[in-house]
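Here's the structure we're looking at; comments come further down.
The values are calculated or read from the model by the stated rules, or taken from the named source; none is laboratory data. What you see is a predicted model, and the numbers here were worked out from it, not measured in a lab. Virtual Cβ from ideal backbone geometry, glycine too; neighbours counted across all protein chains shown.
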Ligand code: GDP
């Protein structure tokens, strides 16, 4: 599964958020399946109302949602890039994730220490950014030292290209900027992919606000929102303590009641999970049979054979064609047969680019 790492300074509400994630994962276990991976890793279902709708129509034996993994990455403090706190170990954990959820404290509470004094969301963000940038700069400079000679002697044109990208990254990082804002081309990114740069990973921010500001946000979350506008980054406003409480309620009726008391239509966690999914440019297609209705995760732009490969590599290798029904058509006509009778079932080939919500059936050679 794709992995999202939760980072942030101490006492901002990371563990509280992670508890909400892992509780909700456990709560789902009765319906679906649950894997305990490690104490700091939680696997959650991606909430998707379409699955319930398909379940209603198909009445399958089981429903399997698609999942996303959250990792609690504790230990980032000022000076981590120089080995403070858990330092390097923690940074290594970030290298492995596909995206970062950066939790930022936007609540005041005199009982909860903030080492740097008054609440300052932009200042907090910058502390973390700086640590990650310094670490990236270290990786980039090491690589520059290794490729410089080869690039300059001109024997290897690839080394020359790589060297130039690295120099560009270096200058950018030295200005206190993140690689994700550099606008590298796809080819450029491939050329430096082996560095697993931390500030290249997609990021979204959780503004952890006080209870009173859950629906509206507050002055802190607004400052944060304004400061990340240039990055085009998403800020999810939520209250992690409340989320942790919601996730502890096992009875759906209790949960509903709790949510409605706070005027929430759904847990903030659902918004967060969906935002993370979107951040990674992921979409969902479905398979719908009497045994199983299931959601599958793919990247935007994938063609039918590659999408089939998520189910099984044989599906990709032996791909012949796909029968495709758009989700809206499936719901409108109510079944595969009705869609076929009404000419809403399409036969698509190898070049078909899968759309979000497609209900697919693959034909393949074994
Ligand atoms: P971490 O160090 O970032 O993992 O932070 P924790 O999740 O352990 O939270 C630090 C403290 O802040 C704990 O005492 C939490 O109960 C408290 N906390 C977390 N979220 C909120 C919040 O939204 N509002 C308030 N008032 N306290 C919170």
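Find the residue count for the range 1-10, including only residues that are near the ligand (Cβ under 6 Å from one of its atoms) and modelled with pLDDT of 90 or more.
Total satisfying the criteria: 1.
Considering only the range 271-294, state which residues are in contact with a helix residue (DSSP H, G or I) (Cβ under 9 Å, 6 or more places away or on another chain), surrounded by 16 or more Cβ atoms within 10 Å (Cβ to Cβ) and over 21 Å from residue 232 (Cβ atoms).
284, 285, 286, 288, 293, 294
Check every one of the strands (runs of 3 or more DSSP E) wholly within the range 214-302 and list those with 1 or more residues that are without any contact (Cβ under 8 Å) to a residue 24 or more places away in the chain and under 23 Å from the mean Cα position of the chain (by Cα).
Details: elements: 235-238, 282-288, 292-299.
Once the strands (runs of 3 or more DSSP E) in the range 214-302 are filtered for at least 1 residues that are without any contact (Cβ under 8 Å) to a residue 24 or more places away in the chain and under 23 Å from the mean Cα position of the chain (by Cα), what remains is 292-299.
Within the range 78-122, restricting attention to residues that are out of contact with any helix residue (DSSP H, G or I) (no Cβ under 8 Å at 6 or more places or on another chain) and surrounded by 16 or more Cβ atoms within 10 Å (Cβ to Cβ), which residue is modelled with the lowest pLDDT?
By that ranking, first place goes to 85.
Taking residue 135 as the residue in question, decide whether it is within 16 Å of the ligand (Cβ to nearest atom) and in a helix (DSSP H, G or I).
Working: within 16 Å of the ligand (Cβ to nearest atom): no; in a helix (DSSP H, G or I): yes.
It is false that residue 135 is within 16 Å of the ligand (Cβ to nearest atom) and in a helix (DSSP H, G or I).
For the range 245-266, which residues satisfy the criterion of being within 14 Å of the ligand (Cβ to nearest atom) and closer than 26 Å to residue 223 by Cβ?
262
Residue pairs, Cβ under 7 Å, 6 or more apart or interchain, first in the range 1-21 and over 18 Å from residue 247 (Cβ atoms) and in contact (Cβ under 8 Å) with a residue 60 or more places away in the chain, second assigned to a helix (DSSP H, G or I) and within 7 Å of the ligand (Cβ to nearest atom). List them.
8/14
With the structure loaded, tell me whether residue 54 is more than 15 Å from the ligand (Cβ to nearest atom), outside any loop (DSSP other than H, G, I, E, B), crowded, with 20+ Cβ neighbours inside 10 Å and at pLDDT 90 or above or whether it fails that test. Even if it seems obvious, please write down each step before you answer.
On the way: more than 15 Å from the ligand (Cβ to nearest atom): yes; outside any loop (DSSP other than H, G, I, E, B): yes; crowded, with 20+ Cβ neighbours inside 10 Å: yes; at pLDDT 90 or above: yes.
Yes: the conditions hold for residue 54.
Could you check, for the range 60-71, whether at least one of its residues is surrounded by fewer than 18 Cβ atoms within 10 Å (Cβ to Cβ) and either modelled with pLDDT under 85 or in a loop (DSSP other than H, G, I, E, B) (or both)?
Yes, the range 60-71 contains a residue that is surrounded by fewer than 18 Cβ atoms within 10 Å (Cβ to Cβ) and either modelled with pLDDT under 85 or in a loop (DSSP other than H, G, I, E, B) (or both).
Suppose we filter the range 331-355 for residues that are part of a loop (DSSP other than H, G, I, E, B) and surrounded by fewer than 16 Cβ atoms within 10 Å (Cβ to Cβ); how many remain?
Within the range 331-355, the subset part of a loop (DSSP other than H, G, I, E, B) is 334-335, 342-345, 349-352, 354-355.
With the extra rule that they be surrounded by fewer than 16 Cβ atoms within 10 Å (Cβ to Cβ), the set shrinks to 334-335, 342-343, 349-351, 355.
The qualifying residues number 8.
Select from the range 138-160 the residues that are surrounded by 15 or more Cβ atoms within 10 Å (Cβ to Cβ) and over 23 Å from residue 94 (Cα atoms) and list them in ascending order.
147, 150, 151, 159, 160
Within the range 228-244, which residues are more than 10 Å from the ligand (Cβ to nearest atom) and crowded, with 17+ Cβ neighbours inside 10 Å? If you could, list the steps in order and put the result at the bottom.
Restricting attention to the range 228-244, the residues satisfying the condition of being more than 10 Å from the ligand (Cβ to nearest atom) are 228-237.
Hits for the range 228-244 are 228, 233, 234, 235, 236, 237.
Is at least one residue of the range 321-330 at pLDDT 95 or above, out of contact with any helix residue (DSSP H, G or I) (no Cβ under 8 Å at 6 or more places or on another chain) and part of a loop (DSSP other than H, G, I, E, B)?
yes
Are there any pairs with C-beta distances below 7 angstrom linking a residue in the range 153-170 that is at negative phi and outside any helix (DSSP H, G or I) to a residue that is modelled with pLDDT under 90 and surrounded by 13 or more Cβ atoms within 10 Å (Cβ to Cβ), with the two at least 6 apart or on different chains, and if so which?
156/150
When the residues of the range 182-210 are filtered to those that are touching a helix residue (DSSP H, G or I) at 6+ places or on another chain (Cβ under 6 Å) and in a helix (DSSP H, G or I), which remaining residue is nearest to the ligand (Cβ to nearest atom)?
198
Would you pick out the residues in the range 163-176 that are modelled with pLDDT under 95 and buried (at least 16 other Cβ atoms within 10 Å of the Cβ)?
Answer for the range 163-176, where residues must be modelled with pLDDT under 95 and buried (at least 16 other Cβ atoms within 10 Å of the Cβ): just 163.
So, in the range 77-130, exactly how many residues are farther than 22 Å from residue 237 by Cβ, assigned to a helix (DSSP H, G or I) and within 16 Å of the ligand (Cβ to nearest atom)?
The qualifying residues number 4.
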